Amino acid sequence: LEQMELEVREIPPQSRGMYSSRMRSYKQEMGKLEADFKRSRIAYSDEVRNELLGDDGNSSENQRAHLLDNTERLERSSQRLEAGYQIAVET
């Protein structure tokens, strides 16, 4: 846009007005697009943050179920290790 403004300044005065108004509209549109981009980026980052942090209502229940599953898996693994140790001791 800056380069276009410089070019418009070098245009003969009789057609400069038309191009100047186009430049103003381009600048306004660019400003609107930048504002939309900032709003969408903020909204998207909030959405991603909520998804990563699990800010939904079922997150505590899901975490509890996941923790119970992992605890059971750990207990089974511990029992297998103990059984293997017992076999090694007996051998």
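The values are calculated or read from the model by the stated rules, or taken from the named source; none is laboratory data. Note that the structure is a prediction, hence the values are computed from the model and not measured. Positions of Cβ are backbone-derived with ideal geometry, glycine not excepted, and every protein chain shown enters the neighbour counts. Remember, those area values only see protein heavy atoms, side chains included, never the ligands or the DNA or RNA. Shrake-Rupley method; radii C 1.70, N 1.55, O 1.52, S 1.80 Å.
Per residue, the accessible area of the chain comes to 93 Å² when a 1.4 Å probe rolls over the protein heavy atoms. Value of Rg to Rh for the chain, rounded to two decimals, is 1.65; Kirkwood radius and Rg both from alpha-carbon coordinates. Computed from the Cβ-Cβ distance with R0 of 41 Å, the FRET efficiency linking residue 69 to residue 34 stands at 0.30. Taking the accessible area of the chain, probe 1.4 Å, and keeping the other protein chains in place, the carbon and sulfur fraction comes to 53%. Here the spin labels are modelled as points 7 Å beyond Cα on the Cα-Cβ line, and at residue 90 and residue 45 they lie 6.2 nm apart.
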